[in-house]
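First comes the structure, then the notes that go with it.
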Amino acid sequence: MSGAKNTTTAGHDGNLDLGADSSRNLGPDRDAPVSAPAKAPGRPVVLQVLPALVTGGAERGAIDVAAALRNAGGTPLVASAGGPMARELERWRVPHITLPLDSKNPLVMWRNVNRLSRIIREHGVDIVHARSRAPAWSALAAARRTGVPFMTTFHAPYNFKGESKRFYNSVMARGDRVIAISEFIRDHILASYQIDPDTIRVIHRGIDTNSFSPDKVSPERVIQLARAWRLPDGHQVIMLPGRLTRWKGQTVLIDALAKLGRQDVCCLMVGSDQGRTGYSQELEAQAKRLGLGSVVRLVDHCDDMAAAYMLADVVVSASSDPEAFGRVIVEAQAMGRPVIVTNHGAVRETVVAGETAWVVPPNDPDALADALGDALSLDAGQREILGERAMAYVNSRFTRDRMCRDTLAVYGELLAERQASRGEPGPAGGE
């Protein structure tokens, strides 16, 4: 397996030469004037736009990068329709501008062009960074109108049926730089859109290894979860984390458990059904029909996944569709857990087959059952060796710090190009 062959490098080692700066919270009025903070020379202002701040990889990435930019002395701004994760921006003192960027109404999207153009001018924005399609169209038009660089992060292999949908999705490939969150996504972009490959930078998503580390999880947290989930003593735990939706492969795992033929295991499906009660009921009925009613448990969303992984003897990703990245498997490996993944999408980049993971064909209960049997039969010494390999692999490739550093390096590339086009000198101390 190879690493990311297009990982970002900036022309001056990503050194933005950023000093300290301050920022303030902005009011919630969608059309209220926004006062621009004073901007010091050499300290870039980066505006990230996304639909909302509810939950997900795009939201997590936006917050992490905004915090990193602020720590580096730049001025981050985030615009979205808001949501519970906006509180995290407050903690980092990152201004959040509330706009209806979650709307796909063409009239609202056009009005957002004017709103974003005003924000760009009033704040002296140097780079606009879009993370989703609808707000990206508004952001692209605003960036071109104001003459600032525009970039995107391509978070998923957006499906399309017909040329109109392909055109709508294509905005994510129209950046002066396009970040692909995996080699799988890079290949999808190149196969689907007319784009210069040199504009793409592969930057894998990163996890907080300060939180996802076995030595950072107290026994009390693990015991509390075990009690809440009423785990039976002496049973090995198989865990499939992820929202309850069919393509995540919960039905395949239940079929594999039936073929495994063991009652001395507990299978935890950790994730919300997000209102899909019909699918939850289907899973429960399938488990009962196969004699696994006491084995399979749907335990809903968990706010302490680091402790949850510590309960698992093996973590499974049984997705029938390719994953754009597969954060769950990276988190589980960071916790030293044995993992089983399906052989497609970006998960092939996040594991080393035969060394940190078992890799099985998608939608194959027989192969999954065999892998489960192998994983559950590991002795303590084998588990320790596998866990050490997995933790080392994640810590060398998929950390939040690396993701943020590489993203700031892309900002550095765009700033250097803009300065060169204007005949301006580079950042002090830069090359």
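The values are calculated or read from the model by the stated rules, or taken from the named source; none is laboratory data. Only a predicted model underlies this, so the values are computations on that prediction, with no experimental measurement involved. Don't worry about glycine lacking a Cβ; one is built from the backbone with ideal geometry, like all the others, and counts go over all protein chains shown.
Please tell me if residue 396 is of a type in the set (Ser, Thr, Tyr), closer than 30 Å to residue 251 by Cα and surrounded by fewer than 20 Cβ atoms within 10 Å (Cβ to Cβ). Even if it seems obvious, please write down each step before you answer.
On the way: of a type in the set (Ser, Thr, Tyr): yes; closer than 30 Å to residue 251 by Cα: no; surrounded by fewer than 20 Cβ atoms within 10 Å (Cβ to Cβ): yes.
In short, no.
Please enumerate the residues belonging to segment 245-270 that are among the aliphatic types (A, V, I, L, M) and out of contact with any strand residue (DSSP E or B) (no Cβ under 7 Å at 6 or more places or on another chain).
Residues of segment 245-270 among the aliphatic types (A, V, I, L, M): 252-254, 256-258, 260, 265, 268-270.
Of everything in segment 245-270, those that are among the aliphatic types (A, V, I, L, M) and out of contact with any strand residue (DSSP E or B) (no Cβ under 7 Å at 6 or more places or on another chain) turn out to be 252, 256, 258, 260.
Given the criteria at pLDDT 50 or above and either under 19 Å from residue 148 (Cα atoms) or surrounded by fewer than 18 Cβ atoms within 10 Å (Cβ to Cβ) (or both), does residue 30 qualify? Walk me through how you get there before you give the answer.
Values: at pLDDT 50 or above: no; either under 19 Å from residue 148 (Cα atoms) or surrounded by fewer than 18 Cβ atoms within 10 Å (Cβ to Cβ) (or both): yes.
Answer is no for this residue.
Can you tell me how many residues within segment 226-241 are farther than 16 Å from residue 362 by Cα, in contact (Cβ under 8 Å) with a residue 24 or more places away in the chain and either of a type outside the set (S, T, N, Q) or in contact with a Phe, Trp or Tyr (Cβ under 8 Å, 6 or more places away or on another chain) (or both)? Before the answer, list the steps.
Keep residues of segment 226-241 that are farther than 16 Å from residue 362 by Cα, which gives 226-239, 241.
Those left that are additionally in contact (Cβ under 8 Å) with a residue 24 or more places away in the chain: 226, 229, 231-232, 234-239, 241.
Adding the requirement that they be either of a type outside the set (S, T, N, Q) or in contact with a Phe, Trp or Tyr (Cβ under 8 Å, 6 or more places away or on another chain) (or both) leaves 226, 229, 231-232, 234-235, 237-239, 241.
Selection size over segment 226-241: 10.
Let's see how each residue does on (1) at pLDDT 95 or above; (2) in contact with a Lys or Arg (Cβ under 9 Å, 6 or more places away or on another chain); (3) more than 24 Å from residue 254 (Cα to Cα):
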site	(1), (2), (3)
354	no, no, no
361	yes, no, no
366	yes, yes, no
374	yes, no, no
378	yes, no, no
381	yes, no, yes
385	yes, no, yes
408	yes, no, yes
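Report whether or not residue 182 is crowded, with 18+ Cβ neighbours inside 10 Å and either under 19 Å from residue 350 (Cα atoms) or among the basic types (Lys, Arg) (or both).
Details: crowded, with 18+ Cβ neighbours inside 10 Å: yes; either under 19 Å from residue 350 (Cα atoms) or among the basic types (Lys, Arg) (or both): yes.
Spelling it out, residue 182 is indeed crowded, with 18+ Cβ neighbours inside 10 Å and either under 19 Å from residue 350 (Cα atoms) or among the basic types (Lys, Arg) (or both).
Which of the residues that make up segment 331-348 are buried (at least 23 other Cβ atoms within 10 Å of the Cβ) and among the charged types (D, E, K, R)?
331, 337
I'd like to check something: does segment 122-142 contain any residue that is more than 19 Å from residue 102 (Cα to Cα), within 24 Å of the chain's Cα centre (by Cα), assigned by TED's automatic domain parsing to the domain that holds residue 62 and modelled with pLDDT of 95 or more?
Step one: of segment 122-142, the residues more than 19 Å from residue 102 (Cα to Cα) are 122-127.
Then keep just the ones that are within 24 Å of the chain's Cα centre (by Cα); that gives 127.
Right, trim to assigned by TED's automatic domain parsing to the domain that holds residue 62 and you get 127.
Adding the requirement that they be modelled with pLDDT of 95 or more leaves 127.
Scanning segment 122-142 turns up at least one residue that is more than 19 Å from residue 102 (Cα to Cα), within 24 Å of the chain's Cα centre (by Cα), assigned by TED's automatic domain parsing to the domain that holds residue 62 and modelled with pLDDT of 95 or more.
Hey, any hits in segment 228-239 for a residue that's buried (at least 18 other Cβ atoms within 10 Å of the Cβ), assigned by TED's automatic domain parsing to the domain that holds residue 371, among the β-branched types (Val, Ile, Thr) and closer than 21 Å to residue 56 by Cα?
No; the residues of segment 228-239 include none that is buried (at least 18 other Cβ atoms within 10 Å of the Cβ), assigned by TED's automatic domain parsing to the domain that holds residue 371, among the β-branched types (Val, Ile, Thr) and closer than 21 Å to residue 56 by Cα.
Got a number for residues in segment 203-227 being touching a strand residue (DSSP E or B) at 6+ places or on another chain (Cβ under 6 Å) and surrounded by fewer than 21 Cβ atoms within 10 Å (Cβ to Cβ)? Reasoning before the result, please.
So the first thing to find is which residues in segment 203-227 are touching a strand residue (DSSP E or B) at 6+ places or on another chain (Cβ under 6 Å), and the list is 203, 206, 209.
From what's left, surrounded by fewer than 21 Cβ atoms within 10 Å (Cβ to Cβ): 209.
Summing the residues that are touching a strand residue (DSSP E or B) at 6+ places or on another chain (Cβ under 6 Å) and surrounded by fewer than 21 Cβ atoms within 10 Å (Cβ to Cβ) in segment 203-227 gives 1.
Looking only at segment 67-82, decide whether some residue is over 20 Å from residue 153 (Cα atoms), in contact with a strand residue (DSSP E or B) (Cβ under 7 Å, 6 or more places away or on another chain), of a type outside the set (Val, Ile, Thr) and in contact (Cβ under 8 Å) with a residue 40 or more places away in the chain. Can you show your working first?
Step one: list which residues in segment 67-82 are over 20 Å from residue 153 (Cα atoms), which gives 71-73.
Remaining after also requiring in contact with a strand residue (DSSP E or B) (Cβ under 7 Å, 6 or more places away or on another chain): none.
Looking for residues that are over 20 Å from residue 153 (Cα atoms), in contact with a strand residue (DSSP E or B) (Cβ under 7 Å, 6 or more places away or on another chain), of a type outside the set (Val, Ile, Thr) and in contact (Cβ under 8 Å) with a residue 40 or more places away in the chain, one finds none in segment 67-82, hence no.
On the basis of being modelled with pLDDT under 95, touching a Pro at 6+ places or on another chain (Cβ under 9 Å) and of a type outside the set (A, V, I, L, M), does residue 321 make the cut? Write out each step before concluding.
On the way: modelled with pLDDT under 95: yes; touching a Pro at 6+ places or on another chain (Cβ under 9 Å): yes; of a type outside the set (A, V, I, L, M): yes.
Yes; evaluated as a whole, the condition is true for this residue.
Out of the residues in segment 370-402 that are in contact with a strand residue (DSSP E or B) (Cβ under 9 Å, 6 or more places away or on another chain) and aliphatic (A, V, I, L, M), which is farthest from residue 329 (Cα to Cα)? If you could, list the steps in order and put the result at the bottom.
The first filter runs over segment 370-402 and keeps only residues in contact with a strand residue (DSSP E or B) (Cβ under 9 Å, 6 or more places away or on another chain), leaving 370-372, 374-376, 378, 386, 390, 394, 398-400.
Still in the running and aliphatic (A, V, I, L, M): 371-372, 375-376, 378, 386, 390, 394.
On the way: 371: 15, 372: 15, 375: 15, 376: 17, 378: 19, 386: 14, 390: 10, 394: 10 Å.
Per the stated criteria, the residue is 378.
Yes or no, residue by residue, for (1) closer than 21 Å to residue 59 by Cα; (2) more than 15 Å from the chain's Cα centre (by Cα):
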| residue | (1), (2) |
| --- | --- |
| 148 | no, yes |
| 156 | yes, no |
| 167 | no, yes |
| 171 | yes, yes |
| 182 | yes, no |
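For segment 123-158, give me the residue count where each residue is among the polar types (S, T, N, Q), touching a residue at least 60 places away in the same chain (Cβ under 8 Å) and under 26 Å from residue 184 (Cα atoms). Explain how you work it out, then say what you get.
Filtering segment 123-158 down to residues among the polar types (S, T, N, Q) leaves 132, 138, 146, 152-153.
Subset that is touching a residue at least 60 places away in the same chain (Cβ under 8 Å): 132, 138, 153.
Right, trim to under 26 Å from residue 184 (Cα atoms) and you get 132, 153.
Residues that pass the stated criteria total 2.
Among (1) of a type in the set (A, V, I, L, M, F, W, C); (2) surrounded by 20 or more Cβ atoms within 10 Å (Cβ to Cβ); (3) without any contact (Cβ under 8 Å) to a residue 60 or more places away in the chain, there is one condition residue 328 misses while meeting the rest; what is its number?
Of the numbered conditions (1) of a type in the set (A, V, I, L, M, F, W, C); (2) surrounded by 20 or more Cβ atoms within 10 Å (Cβ to Cβ); (3) without any contact (Cβ under 8 Å) to a residue 60 or more places away in the chain, the odd one out for residue 328 is (3).
Does segment 409-427 contain at least one residue that is of a type in the set (D, E, K, R), within 26 Å of residue 64 (Cβ to Cβ) and either surrounded by fewer than 19 Cβ atoms within 10 Å (Cβ to Cβ) or not assigned by TED's automatic domain parsing to the domain that holds residue 127 (or both)? Quick ask: steps written out before the conclusion?
Residues of segment 409-427 that are of a type in the set (D, E, K, R), as a first pass: 413, 417-418, 422, 424.
Retained after the next criterion (residues that are within 26 Å of residue 64 (Cβ to Cβ)): 413, 417-418.
Remaining after also requiring either surrounded by fewer than 19 Cβ atoms within 10 Å (Cβ to Cβ) or not assigned by TED's automatic domain parsing to the domain that holds residue 127 (or both): 417-418.
Yes, the conditions are met somewhere in segment 409-427.
Within segment 260-307, work out how many residues are surrounded by 14 or more Cβ atoms within 10 Å (Cβ to Cβ) and of a type in the set (Ser, Thr, Tyr).
Qualifying residue count for the region: 3.
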